[in-house]
Amino acid sequence: MITVSHLTKVYGELKAVDDFSFEVGPGEIVGLIGPNGAGKTSTLRCIVGIQTPTTGTISIDGHDMAKDPVAAKRHLAFMADEPHLFDYLTVAEHLRLTGRIYNVRDFDARCSALLNELQLTEKENSLPAELSRGMKQKVAIACGLLHEPKALLFDEPLTGLDPLGIRHMKGTIVARGRAGGAVIVSSHLLHLVEEICTRVVIIDRGRKVADGTIAEISAQAAAEGSTLEQIFLKVTGRES
Amino acid sequence: MGPLLYLTLCSLRNRMRVRLRRLKEPRYFIGLIVGLGYIWTVFLRPRTRSGAATGALFATSDARLAIELAGATLLFLLAASAWLSSPKRRPALSFTRADIQFLFPAPLTRTELLRYKVVRSQVGVLVGSAFMTLVFRRGSLAGGWMFFAGMAIALTILNLYITGVSLSRGSVGVRRWLPVALAAGATIVLAGTLALDWGTLASMPSGTDVMRELGRLATTGAAGIVFSPFRAVTRLPLAETPATFLRAFPGPLLILVLSYLWVIRSDASFEEGSAELAEKIASIRKGPQPSTPRVRPATAAPFRLSIEGRPEMAILWKNLISVGRYVSLRTLFRFLPLFFVFGVMLTRGSRGGVGSALTGVCALVYFMTIFLGPQLARNDLRQDLRNLDVLKTWPVSGATIVRGEVLAPAVLLTVIAWLCALDGFVFASSLKLQPSWVVAAALLAPGLIVLQLLAQNTIAVMWPSWILTGPARARGIDVMGQRLLMMLGLLLVLVVAVLPAGIAAAVLGLGLYYLIGGIPIIVPAIIAAAILLAEAMLLSRAVGKLLDRTDVSAIDALE
C-alpha cells in the first residue's frame, strides 16, 4: 500500500534522509521511531507530498507520488503533530470543504458519524480559536478520516491530548489498521509503539537501522527479551 | 560584564551577524544594493533645488516655532493620554517569551530587570533617531548630530515615561488618582487657554500670526508652565548651533534622569502582565488570528457548497467565508468618507451635482480597485502560505489550487469595479460620458485584476519570504530594496501582460476605423479582455507547476 524506495532528502548540506526504503501493507500499523533529527518527519512529509524527495520514489496504492500525485493523495491522510486548521472556518465547514476536495459521496452520513465518534457534534459551529488543542486534533482527524483513506500517517499523534483523548486516539489508530488501512505512526513514545504497532522501523541519522516485529528486531539486535526502549538504545548506539 | 548586559550585547551582535550572513543570498545582496541606492537618491544625494525643501523646513524662526509647538503638543498628548486611557490596566512591559522563561525565575532583582529593559529598548531608540535624522537631515554635519542626539534623548524620555506610567499603575502605596488628576488638570488648562483666546485666534489675518499667537500662549501663564517641559524636550533636536544645543541641554537631561530614577525605583509587580503581553505578541508574530472569535451558523457562508464539483469552487467558498469573518461592513464604511472627499475634490468645478461627485468617487474607487486592490486583497495563497502543508496533501493539482485561491479576491474586486462602472453608466448622460467606454472599462476589469493577483501569487510561491507579513517579517535596508524590486517587477509584469491585449485591441480598432469610419470601443475591449483572461489561464498553469514543485520546508525555514 505504502512503498518508500531509496528515499533521500537533502537540505542544503544536511542529508536528513539517506537511501531509506520500507513498505507498509494493508492492515499493518508500522511504528516509525528514531532519535531527534533522525529524519522521521521529513520521511512522513515526503510520503504525503508536502516535501519533494531529493531522490527515490514513493508510491501509494500503486500511484507514484511524483508522477501522479493527485491519484496518490486521494488515498492518503496525514495527521500532523500540530493540527493546522483554517482560522475562519467552523468545524462543520472544515468537513464540508474536505468532502468537496476529496469528492466524498455519502458526505452527510459520514460527516455526522465522524462528528459523533469524535464527540464533535456540539462543536460543529465553533471556530478553531474556540477549540482546545485536543479538539483541534480531533477536527484534523475527522477531516483525515472523512474520505476513508487506505493509507494513514500519524506524526506524534498523542501530543497535547488528555488521558481520555489518548485512549480515543489509540482506539482510532487501531480501528483503522483492523479495517485494512496501512498505518504509519511516528512517535517518541516507545510504549505507544509497543502497544499498538504490528511492526517497527527504526531510523537513525536518516538511515534505516532496524525493521520488523519487536521479536524480529530484538533478535536482529541480539537483545532477545528486551523492551523496545532497550532495543532502540542498542540499535541507535545510545545504549550508554 | 553583568549577565543582562552580556545578553543585550550578544543578541545585538548575533542579530547583526544574521543580517550580514543573509547577504550571501543574492536576493538580499541585490536588495541591499537597491535599498542603499534608494536611500542615497532620496535622502543623501547632494541637495539640488528641489532637495532644498527639507532643509527649508527648519530655515525660518516661524517654521521652527511651528515644529516646536507641534512636537510639544504631540508629547503632551502622549503623556496625558498615557494616564487618562485604560487606567485599570495591569503593569506590563514588553519582554520576549525567552526573557520571561529565563530571566523571571532567575535570582535577579526587579531593578536589574528594569535596567535591562531600559538598556535593550535603547537599540530601537537609536535606530529610530538615526532614521529620523536621515529623513529630516539638516544642512550641516553638526546639525545632523545635534538632531540625532536630541531625538535620541526625546525618544528615551518618552520611552521611560510610558514605562513609568505602566509601572505606576501597579505600585503600592501611591495615590493613583493624583497623576490622573494632574493629567486631566493640565489638559483642562490648555483647552481653557485656547477657548479663552479663541476670539483673538479666529480674527488673525494669516497662519503666521496664528502661529505666533499660539507661541505666545504656550510660553506665558498657566499654559506656559504646563507646556514648558514638553517644549524643552522638543527644542533640543531643533537647536541651530552647538551653543544653543548646550544651552537647551540641562532641562531635558534633568527630565531624563528623573524619568530613569522613577522607573528604576518602581516597586510594581510587572511579571504577570508582562508574561501575558509576551504571549500576545508571540501569537501576533505567529500569524493573524481572529481577535474576537465569533460563532456564525453555516448560513453565514456566501453560498452552500455542494459536495460534487470543481475543487476551485471549494477554495473560493473557503476564502469568501474568511473574508466575511474578518472584514465587516463597518470596516468598509470607515473608508467611505475618505473616498467621498477625494471624489468631491476630483470633480469640483464641474456642474454635475451629486451625480458628478458620486461618479468622481466611483472613478477613484475603480482605479484603486484595479491597481491597488490586488495588493491589498490578500485572501489567496499569500494568506494561505501558512496552510501550505495542508493544501499540499489535497488530491488536486497545483494549478487548481492557484486558480481556486485567486478566485475569491478576483470576484470581490471585480464586483467592486463593476459597481463603480454601473454608477458611471447611470450618470453617463448627465456627465457627457460615452456609456460604451464605461462598459469597456467594466469588461477589462476582471482580466487586469486576475493577472495582477496571479503575479502576486507567483511571488508568494517563488519567494515566500518577500510576501510574508506581520511583525515576524524580515527587516532592514536589504528587505526594503527587495520590496522596491518587487514593486518594479509587478509593474513590469503588468506592462508585459497588457501589451499583447493592447496591441490586438489597437489593430482591431484601426481596422474597424478604416472599414466603418469609427471605433465601437466595446469590440476591441472584448478582444483585449479575452486575451487578458487567456493569459491569466496560461499563467495559472505555470504557477501551478511551480507550486507542485515547491518544497514546503523552504517556507518553514523562512518562517
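The values are calculated or read from the model by the stated rules, or taken from the named source; none is laboratory data. All values derive from a computational prediction rather than experimental measurement. Methodologically, a virtual Cβ is constructed for each residue, glycine included, from the backbone with ideal geometry; neighbour enumeration extends over all protein chains shown.
I'd like the full set of residues that are more than 7 Å from chain B (Cβ to nearest Cβ), under 18 Å from residue A:147 (Cα atoms) and assigned to a loop (DSSP other than H, G, I, E, B), limited to the stretch A:46-61.
A:61 - this is the single residue of the stretch A:46-61 that is more than 7 Å from chain B (Cβ to nearest Cβ), under 18 Å from residue A:147 (Cα atoms) and assigned to a loop (DSSP other than H, G, I, E, B).
Identify all residues within the stretch A:8-33 that are away from every other protein chain (no Cβ under 14 Å), in contact with a Gly (Cβ under 9 Å, 6 or more places away or on another chain) and on the phi < 0 side of the Ramachandran plot; write none if there are none.
From the stretch A:8-33, those away from every other protein chain (no Cβ under 14 Å) are A:18-33; that's our starting set.
Within this subset, residues satisfying the condition of being in contact with a Gly (Cβ under 9 Å, 6 or more places away or on another chain) are A:18-21, A:26-29.
A:18, A:20, A:21, A:26, A:28, A:29, listed by residue number.
Residues in the stretch B:411-427: is at least one at positive phi and modelled with pLDDT under 85?
Filtering the stretch B:411-427 down to residues at positive phi leaves none.
No, because not a single residue in the stretch B:411-427 is at positive phi and modelled with pLDDT under 85.
Here are the criteria: (1) at pLDDT below 75; (2) over 30 Å from residue B:11 (Cβ atoms). Tell me which single one residue B:83 does not satisfy.
Of (1) at pLDDT below 75; (2) over 30 Å from residue B:11 (Cβ atoms), only one is false for residue B:83: (1).
Considering only the stretch B:509-522, how many residues are out of contact with any Gly (no Cβ under 8 Å at 6 or more places or on another chain) and within 25 Å of residue B:414 (Cβ to Cβ)? Even if it seems obvious, please write down each step before you answer.
Looking only at the stretch B:509-522, we keep the residues that are out of contact with any Gly (no Cβ under 8 Å at 6 or more places or on another chain), and these are B:509-511, B:513-518, B:520, B:522.
In the following step, the residues that additionally are within 25 Å of residue B:414 (Cβ to Cβ) were identified as B:509, B:520, B:522.
Final tally of qualifying residues: 3.
If the requirement is being of a type in the set (A, V, I, L, M, F, W, C), in contact with a helix residue (DSSP H, G or I) (Cβ under 6 Å, 6 or more places away or on another chain), surrounded by 23 or more Cβ atoms within 10 Å (Cβ to Cβ) and modelled with pLDDT of 90 or more, which of these qualifies: A:114, A:153, A:76? Write out each step before concluding.
Working: A:114 fails: surrounded by 23 or more Cβ atoms within 10 Å (Cβ to Cβ); A:76 fails: in contact with a helix residue (DSSP H, G or I) (Cβ under 6 Å, 6 or more places away or on another chain).
Sole residue among the options that is of a type in the set (A, V, I, L, M, F, W, C), in contact with a helix residue (DSSP H, G or I) (Cβ under 6 Å, 6 or more places away or on another chain), surrounded by 23 or more Cβ atoms within 10 Å (Cβ to Cβ) and modelled with pLDDT of 90 or more: A:153.
Which condition does residue A:151 not pass, out of (1) within 14 Å of chain B (Cβ to nearest Cβ); (2) out of contact with any Leu (no Cβ under 9 Å at 6 or more places or on another chain); (3) at negative phi, if it passes all the others?
Here residue A:151 clears every test but (2).
I need every pair where a residue in the stretch B:503-532 that is modelled with pLDDT under 90 has its Cβ under 6 Å from the Cβ of a residue that is in a helix (DSSP H, G or I) and loosely packed, with under 14 Cβ neighbours inside 10 Å, sequence separation at least 6 or different chains.
Pairs that qualify, where the first residue is modelled with pLDDT under 90 and the partner is in a helix (DSSP H, G or I) and loosely packed, with under 14 Cβ neighbours inside 10 Å, are B:519/B:513.
What single numbered condition from (1) surrounded by fewer than 22 Cβ atoms within 10 Å (Cβ to Cβ); (2) touching a helix residue (DSSP H, G or I) at 6+ places or on another chain (Cβ under 7 Å); (3) within 13 Å of another protein chain (Cβ to nearest Cβ); (4) not hydrophobic (A, V, I, L, M, F, W, C) fails to hold for residue A:108?
Every condition holds for residue A:108 apart from (2).
If I go through the stretch A:70-97 residue by residue, how many of them are more than 18 Å from the chain's Cα centre (by Cα), not hydrophobic (A, V, I, L, M, F, W, C) and not in a loop (DSSP other than H, G, I, E, B)? Reasoning before the result, please.
Taking the stretch A:70-97 and keeping what is more than 18 Å from the chain's Cα centre (by Cα), we get A:70-71, A:86-97.
Those still in the list that are not hydrophobic (A, V, I, L, M, F, W, C) too: A:87-88, A:90, A:93-94, A:96.
Of the ones still in play, those that are also not in a loop (DSSP other than H, G, I, E, B) are A:93-94, A:96.
The qualifying residues number 3.
Mind listing just one residue for me: the one in the stretch A:91-100 that is at the interface with another protein chain (Cβ under 7 Å from one of its Cβ atoms) and buried (at least 24 other Cβ atoms within 10 Å of the Cβ) and, of those, farthest from residue A:145 (Cα to Cα)? Before you say what the answer is, go through the steps one by one.
Filtering the stretch A:91-100 for residues at the interface with another protein chain (Cβ under 7 Å from one of its Cβ atoms) gives A:92-93, A:96-97, A:99-100.
From what's left, buried (at least 24 other Cβ atoms within 10 Å of the Cβ): A:96, A:99.
Values: A:96: 13, A:99: 10 Å.
Here the answer is A:96.
Would you confirm, using the coordinates I've provided, whether residue B:225 is out of contact with any Cys (no Cβ under 8 Å at 6 or more places or on another chain), more than 14 Å from every other protein chain (Cβ to nearest Cβ) and modelled with pLDDT of 85 or more?
On the way: out of contact with any Cys (no Cβ under 8 Å at 6 or more places or on another chain): yes; more than 14 Å from every other protein chain (Cβ to nearest Cβ): yes; modelled with pLDDT of 85 or more: yes.
Against the criterion (out of contact with any Cys (no Cβ under 8 Å at 6 or more places or on another chain), more than 14 Å from every other protein chain (Cβ to nearest Cβ) and modelled with pLDDT of 85 or more), residue B:225 qualifies.
Scanning for something among the aromatic types (Phe, Trp, Tyr), free of Cβ contacts under 8 Å to residues at least 60 places away in the same chain and within 14 Å of chain B (Cβ to nearest Cβ), does the stretch A:66-78 turn up at least one residue?
Taking the stretch A:66-78 as the starting set, the residues that turn out to be among the aromatic types (Phe, Trp, Tyr) are A:78.
Cutting the leftovers down to free of Cβ contacts under 8 Å to residues at least 60 places away in the same chain gives us none.
Scanning the stretch A:66-78 turns up no residue that is among the aromatic types (Phe, Trp, Tyr), free of Cβ contacts under 8 Å to residues at least 60 places away in the same chain and within 14 Å of chain B (Cβ to nearest Cβ).
Among the residues of the stretch A:39-68 satisfying the criterion of being farther than 13 Å from residue A:153 by Cα and in contact with an Asp or Glu (Cβ under 7 Å, 6 or more places away or on another chain), which is surrounded by the fewest Cβ atoms within 10 Å (Cβ to Cβ)? First the steps, then the outcome.
Residues of the stretch A:39-68 that are farther than 13 Å from residue A:153 by Cα, as a first pass: A:39, A:51-59, A:61-68.
Narrowing the set further to residues that are in contact with an Asp or Glu (Cβ under 7 Å, 6 or more places away or on another chain) leaves A:51-52, A:57.
Working: A:51: 25, A:52: 17, A:57: 15.
Ranking the candidates gives A:57 first.
Are any residues in the stretch B:304-316 more than 7 Å from chain A (Cβ to nearest Cβ) and either crowded, with 20+ Cβ neighbours inside 10 Å or in contact with a Ser or Thr (Cβ under 9 Å, 6 or more places away or on another chain) (or both), and if so, which ones?
B:310, B:312, B:313, B:315, B:316
Please specify each residue of the stretch A:2-29 satisfying the condition of being in a loop (DSSP other than H, G, I, E, B), of a type in the set (D, E, K, R) and touching a residue at least 12 places away in the same chain (Cβ under 8 Å). Even if it seems obvious, please write down each step before you answer.
Applying the first criterion (in a loop (DSSP other than H, G, I, E, B)) to the stretch A:2-29 yields A:12-13, A:25-28.
Adding the requirement that they be of a type in the set (D, E, K, R) leaves A:13, A:28.
Within the stretch A:2-29, just A:28 meets the criteria.
Given (1) more than 14 Å from chain B (Cβ to nearest Cβ); (2) in contact with a strand residue (DSSP E or B) (Cβ under 6 Å, 6 or more places away or on another chain), identify the lone condition not met by residue A:158.
(2)
Okay, residues lined up against (1) under 21 Å from residue B:151 (Cα atoms); (2) surrounded by fewer than 21 Cβ atoms within 10 Å (Cβ to Cβ); (3) under 35 Å from the mean Cα position of the chain (by Cα):
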{"site": "B:205", "(1), (2), (3)": "no, yes, no"}
{"site": "B:208", "(1), (2), (3)": "no, yes, yes"}
{"site": "B:211", "(1), (2), (3)": "no, yes, yes"}
{"site": "B:227", "(1), (2), (3)": "yes, no, yes"}
{"site": "B:236", "(1), (2), (3)": "yes, no, yes"}
{"site": "B:240", "(1), (2), (3)": "yes, yes, yes"}
{"site": "B:244", "(1), (2), (3)": "yes, yes, no"}
{"site": "B:251", "(1), (2), (3)": "yes, yes, yes"}
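Anything in the stretch A:111-134 that is at the interface with chain B (Cβ under 10 Å from one of its Cβ atoms) and in a loop (DSSP other than H, G, I, E, B)? List them, or say none.
Selection gives A:124, A:125, A:126, A:127, A:131.
If you check residue B:548 against the conditions, is it within 14 Å of chain A (Cβ to nearest Cβ), within 30 Å of residue B:16 (Cβ to Cβ) and either surrounded by 20 or more Cβ atoms within 10 Å (Cβ to Cβ) or at pLDDT below 90 (or both)? Even if it seems obvious, please write down each step before you answer.
Values: within 14 Å of chain A (Cβ to nearest Cβ): yes; within 30 Å of residue B:16 (Cβ to Cβ): no; either surrounded by 20 or more Cβ atoms within 10 Å (Cβ to Cβ) or at pLDDT below 90 (or both): yes.
So residue B:548 does not fit the description; no.
Taking the stated definitions as given, is residue A:144 more than 14 Å from chain B (Cβ to nearest Cβ), under 16 Å from the mean Cα position of the chain (by Cα) and touching a residue at least 60 places away in the same chain (Cβ under 8 Å)?
On the way: more than 14 Å from chain B (Cβ to nearest Cβ): no; under 16 Å from the mean Cα position of the chain (by Cα): yes; touching a residue at least 60 places away in the same chain (Cβ under 8 Å): yes.
When the stated conditions are applied, residue A:144 does not pass them.
Could you grab me the full set of residues in the stretch A:175-217 that are farther than 22 Å from residue A:237 by Cα and not in a helix (DSSP H, G or I)?
Once the filter is applied, which keeps residues that are farther than 22 Å from residue A:237 by Cα and not in a helix (DSSP H, G or I), the stretch A:175-217 yields A:179, A:180, A:181, A:182, A:183, A:184, A:185, A:197, A:198.
Can you find a residue in the stretch B:282-303 that is within 14 Å of chain A (Cβ to nearest Cβ) and modelled with pLDDT of 80 or more? Don't jump to the end; show me each part of the working.
As a first pass, look at the stretch B:282-303 and keep what is within 14 Å of chain A (Cβ to nearest Cβ): B:283-284, B:286-303.
Restricting the remaining residues to those that are modelled with pLDDT of 80 or more gives B:303.
Yes, because at least one residue in the stretch B:282-303 is within 14 Å of chain A (Cβ to nearest Cβ) and modelled with pLDDT of 80 or more.
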